[in-house]
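Colleague: Here it is, the structure in full.
Derivation of every value follows stated rules applied to the coordinates shown; laboratory data play no part. Please read these numbers as outputs of a predicted model, since none were measured by experiment. Positions of Cβ are backbone-derived with ideal geometry, glycine not excepted, and every protein chain shown enters the neighbour counts.
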């Protein structure tokens, strides 16, 4: 009877273990699995942390918040935050919210918040507010990127009052930037001769965000930046522009991939950066 009971316990344990489903895995630049704590300890050593995301991935947004909390626990007010999701001309509205001078309703009226702001970015902004940390609105106002996509970078004309909202012109747009050639080819069939306009629209976002980071980065501090994965994948985008301006900066890139496999291995063709998150492809999406 005891043997049967022991066997039942063993089988139950095996069954339970077989049902354990990891929500994420983290791999370093060599493809070795590391835990969350080790990643955060390493991130504290960098000047800039570029945290790529899939905009609708619930687990990636949760990891961003947890990484922010843990970095704050280690670095305190040395931590600065910045986000693609907030545009430069909305910085004053963001600042008023952080100071408690406005509420959620007023912020929604004054800033162009993304549709998934409440579920995905409000927790980050509220954390910044609770710890009195700055949140830098780094992105170019979308109307300028849209104009570049339609008519090209040379068509962009700025009034004097608008120049603070866009990277200093002219700036470099080159297919040597990782990811841009891929984008040009992807858009080519749909955009024809205007494919480079879409590349330039991507570039003006990346260059503006990089410039925003540089303007706000201070010696001895860490700027943690949230943005879509394409903006820094394969060390392109924001990373490329930062390194062009400041080769001395220590910059960590966190990239994202999805997997249909239960153990969440790194995809075979994945180009690794400093830290690489793999999440289930069927994870709950926020939209």
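Colleague: Assuming R0 = 45 Å, what is the FRET efficiency of residue 261 and residue 168, from their Cβ-Cβ distance, to the nearest 0.05?
Modeller: Computed FRET efficiency for residue 261 and residue 168 comes out at 0.50.
Colleague: Still on this model: For the chain, what is the convex hull volume of its Cα atoms per residue in Å³?
Modeller: Convex hull of Cα atoms, per residue: 171 Å³.
Colleague: From largest to smallest, what semi-axes in whole angstrom does the stretch 17-139 give when each is the square root of 5 times an eigenvalue of its alpha carbon gyration tensor?
Modeller: Whole-Å semi-axes of the equivalent ellipsoid: 28, 17, 13.
Colleague: In deg cm²/dmol, rounded to 500, what helix-only [θ] at 222 nm does the chain give when every DSSP H run of at least 4 residues adds -39500 (n - 2.57) and the total is split over its residues?
Modeller: -13000 deg cm²/dmol
Colleague: To continue, here is another question. Rounding to the nearest 10 and keeping the result within 0 to 90°, find how far the Cα-based axis of helix 2-18 lies from the longest principal axis of the chain.
Modeller: Around 10 degrees separate the two axes.
Colleague: Gap in Å between the Cα centre of the stretch 172-242 and the Cα centre of the stretch 102-131?
Modeller: When both Cα centres are located, 25 Å separates them.
Colleague: Take each of the peptides 57-68, 164-175, average the number of other beta-carbon atoms within 10 Å over its residues, and list them starting from the highest.
Modeller: 57-68, 164-175
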